[in-house]
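Q: The structure's right below; bear with me while I get my questions together.
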Amino acid sequence: MATINLGAIKFNWKGAYNSSTSYAVDDVVSSGGNSYVCIQAHSNQAVGNATAYWNIMSSAGTNGTNGTNGSAGDTFGLANKEIAFKTNAGALDGIPMGTAGQFLKVNSGATGYEYGAVSSDFVKLNESTAGASTHSIDGFFTSDYDNYVLIGNNIQPNTNTHLNMRFQIGGSEHNSSEYVYASGMSYTDASPTLLWTTAGSAYSDWDAPDNVVNIQADSHNSTATHVGQLKVNIYNPLGTTNWKIFDIDWKYNYANNWNRIFTGGMLKNTSAISGIRFYYDSGTISGSFKLYGIK
């Protein structure tokens, strides 16, 4: 009975061809980028010439055209800190680094790249921390946005007092009697009812313009638990043909009960508003503020 070598029933990779090596049938070697299989046992029969001993298995492909080599240190015409890219015509080009806060984007003609400012319908414009007798956020209203939202967190006085607000025009606090507004208070913890203040009280100034918006009627204690959260909506502050409209949502802890005040009103002035200012009747105001622009 014939003996079958199971290990020979396959191709045997032998690496690069060596004239001093004895090869058996189905041995495979490489040479010049090609690969060959042995069809007759032998030694010292060079591949490519001894066709009685080798069959070609695969051939090397044609080399592509070499690209242009740059010299040592060649920047290909790019300046320092430029980002390289290929144009639609296949040429190498580069764009200089933008300014802080910008990002890389496709240009308006979709033909290349450029740096530009972040564009969004809702963008944070300023973040600040209060720590003085007053706190102003000024100079951030621009024609890029129609409306604004101001968020205040952990607002707290250092004395028993009331929270107030005024707008700023041209960077200066506007304290003329042109604030017309009305407020309501919802006692969310002590008694879940909505109370609208009556005419003539410290809150309801709808029929009697005041020189300040009194956001909070009750005295705000300076203890650590008496903190407040604030949101102010300001509509079209740069408009010069209409009165300025605002809404205020103020939630604060008083006597260990969370209370909520809603205030809506207008500033009877057609000048552009440059900012907004908060303060208590006395003492220092603390907390953090973030201003957002909305398109």
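Q: Can you name every residue in segment 245-273 that is surrounded by 20 or more Cβ atoms within 10 Å (Cβ to Cβ) and either under 21 Å from residue 289 (Cα atoms) or aliphatic (A, V, I, L, M) (or both)?
A: Residues satisfying the conditions are 246, 248, 250, 252, 259, 261, 263, 267, 273.
Q: Now for a separate question. Could you check, for segment 68-81, whether at least one of its residues is surrounded by 13 or more Cβ atoms within 10 Å (Cβ to Cβ), in a loop (DSSP other than H, G, I, E, B) and modelled with pLDDT of 80 or more?
A: Looking for residues that are surrounded by 13 or more Cβ atoms within 10 Å (Cβ to Cβ), in a loop (DSSP other than H, G, I, E, B) and modelled with pLDDT of 80 or more, one finds none in segment 68-81, hence no.
Q: Now for a different question. I'm trying to understand the selection: among the residues of segment 130-148, which are within 26 Å of residue 243 (Cβ to Cβ) and surrounded by fewer than 16 Cβ atoms within 10 Å (Cβ to Cβ)? Talk me through it step by step, then tell me what you get.
A: Our first condition is that a residue be within 26 Å of residue 243 (Cβ to Cβ); within segment 130-148, this holds for 134-148.
Of everything in segment 130-148, those that are within 26 Å of residue 243 (Cβ to Cβ) and surrounded by fewer than 16 Cβ atoms within 10 Å (Cβ to Cβ) turn out to be 134, 139, 142, 143, 144, 146, 147.
Q: Further question on the same structure: Could you check, for segment 85-93, whether at least one of its residues is surrounded by 11 or more Cβ atoms within 10 Å (Cβ to Cβ), among the hydrophobic types (A, V, I, L, M, F, W, C) and either modelled with pLDDT under 75 or within 30 Å of residue 35 (Cβ to Cβ) (or both)?
A: yes
Q: Let me ask something else about it. With respect to residue 127, determine if the residue is modelled with pLDDT of 90 or more and either surrounded by 15 or more Cβ atoms within 10 Å (Cβ to Cβ) or at positive phi (or both).
A: no
Q: Ok, one more. Taking only pairs six or more apart or across chains, which ones have beta-carbon atoms under 9 Å, a first residue in segment 121-141 that is farther than 20 Å from residue 155 by Cα, and a second residue that is of a type in the set (D, E, K, R)?
A: Pairs found: 121/295; 122/295; 123/144; 123/295.
Q: With a cut-off of at least 1 residues that are closer than 21 Å to residue 226 by Cα, assigned by TED's automatic domain parsing to the domain that holds residue 140 and at pLDDT 95 or above, name the strands (runs of 3 or more DSSP E) lying wholly within segment 152-207.
A: Of the strands (runs of 3 or more DSSP E) lying wholly inside segment 152-207, those with at least 1 residues that are closer than 21 Å to residue 226 by Cα, assigned by TED's automatic domain parsing to the domain that holds residue 140 and at pLDDT 95 or above span 163-169.
The values are calculated or read from the model by the stated rules, or taken from the named source; none is laboratory data. Keep in mind the model is a prediction, meaning the values are calculated, not measured. Glycine gets a Cβ as well: all are built from the backbone with ideal geometry, and neighbour counts include every protein chain shown.
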